[in-house]
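Below is one structure, written out as structure tokens; the observations come after it.
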Amino acid sequence: MSVALAADHVGVFFCTVTDEAGELVEATQEPVAFLAGHNQIVPGLEAALLGKEAGASFDVTLAPEDAYGAHNGRAPLRVHRRDLPKDQPVEKGRTIWIPTPKGEARAYVVDVKGAYVTIDGNHPLAGRTLRFQGVLLRVREATSEEKVHGHAHGMDGVAHDH
Ligand code: ZN
């Protein structure tokens, strides 16, 4: 029985990301599992995958707004680790959520040096038009736990490293 990817289903894919010059900028090292409808992957890629079944290939070129967002023009910020929320792991490459007067803002950890952390409101690939090519490997219904958490627990819904 094949299942088409829809909200609250888990999709598993691998892909490569290239820029407008055809240069490779990112490639999945292992299959990526995500819960559809929960902002887990870039919006344009999710839109391209919805309705597809396991085995389908995809090839989409996305404007920044549909990929990692437009660049907001602001430079990265160096802050002291003690000023960041304590409940999130602060490691290079991680995304953290920072409380602001306007609500939680997403920030990317660019660098960690001792007690100081450089964060950026822009994803490293913000402002770029990117091409995503890959294969949707698996589509399954989400477990009830995944739906509560709002993210996928790996290929089979059993991974629990958080
Ligand atoms: Zn979870």
(message) Taking the alpha-carbon distance from Lys147 and a cut-off under 13 Å, which aspartates and glutamates remain once sequence neighbours fewer than 8 residues away in the same chain are dropped?
(response) Asp8
(request) Give, rounded to the nearest 20 debye, the magnitude of the charge dipole that the stretch 77-120 has about its Cα centre when Lys and Arg contribute +1 at Cβ and Asp and Glu contribute -1 at Cβ. (result) 100 debye
(message) For a test of the definition: using alpha carbon positions, the gyration tensor, and the 1.5 limit on a/c, classify the stretch 77-120 as rounded, prolate or oblate.
(response) prolate
(message) What's the ranking of 4-17, 99-112 by average number of surrounding C-beta atoms within 10 Å, highest first?
(response) 4-17, 99-112
(message) Of Cys15, Ala4, Asn72, which is farthest towards the positive pole of the chain's charge dipole, taken about the Cα centre with +1 and -1 on the beta-carbons of Lys, Arg and Asp, Glu respectively?
(response) Asn72
(message) Using 5 Å bins from zero, what percent of all Cα-Cα pairs in the chain falls into each bin?
(response) 2, 9, 15, 18, 18, 17, 13, 6, 2, 0, 0
(message) Spelling out what I want: for every residue of the stretch 6-19, take phi, set θ = phi - 60°, compute 6.51 cos²θ - 1.76 cosθ + 1.60 (Karplus), and round to whole Hz; glycine and proline get x.
(response) 9, 4, 6, 10, 9, x, 10, 9, 10, 7, 10, 10, 10, 8
(message) Cut-off under 26 Å on the C-alpha distance; same-chain residues fewer than 8 positions from Lys92 excluded. Which lysines are left, in chain and number order?
(response) Lys102, Lys113
(message) I need the calculated FRET efficiency for the pair His71 and Asp8, taking r as the beta carbon distance and R₀ as 45 Å, to the nearest 0.05.
(response) 0.90
(request) For the stretch 110-116, take each phi angle, set θ = phi - 60°, evaluate the Karplus expression 6.51 cos²θ - 1.76 cosθ + 1.60, and give the result in whole Hz per residue in order, putting x for glycine and proline. (result) 8, 7, 10, 10, x, 8, 10
(message) Suppose a student asked you for the relative contact order of the chain, using Cα pairs under 8 Å spaced at least 6 residues apart; what percent would you report?
(response) 34 percent
(request) For the stretch 56-62, take each phi angle, set θ = phi - 60°, evaluate the Karplus expression 6.51 cos²θ - 1.76 cosθ + 1.60, and give the result in whole Hz per residue in order, putting x for glycine and proline. (result) 6, 9, 9, 7, 10, 10, 10
(request) Just rank Thr129, Thr118, fewest to most, by other beta-carbon atoms within 10 angstrom. (result) Thr129, Thr118
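Each reported figure results from applying straightforward, stated rules to the coordinates on display, with no laboratory input. Keep in mind the model is a prediction, meaning the values are calculated, not measured. Glycine also receives a Cβ, built like all others from the backbone with ideal geometry; neighbour counts cover every protein chain displayed.
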